[in-house]
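As structure tokens, the structure follows; a few thoughts come after it.
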Amino acid sequence: MSAEPITGGCQCGAVRFRIARLGRASICHCRMCQKAFGSFFGPLVTAKGLEWTRGEPARFESSNVVRRGFCAACGTPLTYEYAGGTEIAIGALDDPELAPPAIQVNPADKLSYVEGLHTLPWRLAGESLAVDAFMTSVKGRQHPDHDTEFWPPASHDKGETT
Ligand SMILES: [Zn+2]
Ligand SMILES: [Zn+2]
């Protein structure tokens, strides 16, 4: 395991966290995770020693036993909290490579096309001038993948792209 602190946060940077140790990473196919992430499944990793270092998530009680944390400013899904502990959204980690999923759960709700996603054709740079021009024009307002002393910067034009 890396000696670096494990950090992460939401897209806008209003909520940042630090984790002492990551547990097992999973993807959950349940319908509630699909909704909560607005995605095909919920990627989550157990977070031991979780501290909020900037702001704190808002929460939605998605069931009688679970509440889900998210950034009230930008909507990034952040946590799955239950009596057994807290899990953090893998994509919210500054380095999601630290949490390769080891198991998938709740197969009954799995979307049929998930199996074939890795076989889809790629759109590559150079195939569309319009798309390439659009991508070049992007000036991201996303918090960078590391802690910052001040956020947001004085001008978003100084921010990182994508
Ligand atoms: Zn945010
Ligand atoms: Zn789920």
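The values are calculated or read from the model by the stated rules, or taken from the named source; none is laboratory data. Only a predicted model underlies this, so the values are computations on that prediction, with no experimental measurement involved. Please note: Cβ atoms are built from the backbone with ideal geometry, for glycine as well, and neighbour counts cover all protein chains shown. These accessible areas exclude ligands, DNA and RNA; they are computed on the full protein's heavy atoms, side chains included. Shrake-Rupley method; radii C 1.70, N 1.55, O 1.52, S 1.80 Å.
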Residue 101 vs (1) surrounded by 13 or more Cβ atoms within 10 Å (Cβ to Cβ); (2) farther than 21 Å from residue 49 by Cα: all pass except (2)
When every residue in the stretch 53-77 that is of a type in the set (A, V, I, L, M, F, W, C) and under 21 Å from residue 7 (Cβ atoms) is compared, the one farthest from ligand 1 (Cβ to nearest atom) is 58
Residue count, the stretch 36-69, condition touching a residue at least 60 places away in the same chain (Cβ under 8 Å) and either closer than 17 Å to residue 13 by Cα or within 13 Å of the chain's Cα centre (by Cα) (or both), comes to 3
Matching residues in the stretch 31-75 (more than 10 Å from ligand 2 (Cβ to nearest atom) and among the hydrophobic types (A, V, I, L, M, F, W, C)) number 13
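Residues are listed down the side, and each one gets a yes or a no for (1) part of a loop (DSSP other than H, G, I, E, B); (2) within 19 Å of residue 147 (Cα to Cα); (3) touching a strand residue (DSSP E or B) at 6+ places or on another chain (Cβ under 7 Å); (4) open to solvent by less than 70 Å² (accessible area, probe 1.4 Å):
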position: 32; (1), (2), (3), (4): no, no, no, no
position: 35; (1), (2), (3), (4): no, no, no, no
position: 40; (1), (2), (3), (4): yes, no, no, no
position: 46; (1), (2), (3), (4): no, no, yes, yes
position: 52; (1), (2), (3), (4): no, yes, yes, yes
position: 73; (1), (2), (3), (4): yes, yes, no, no
position: 86; (1), (2), (3), (4): no, no, yes, yes
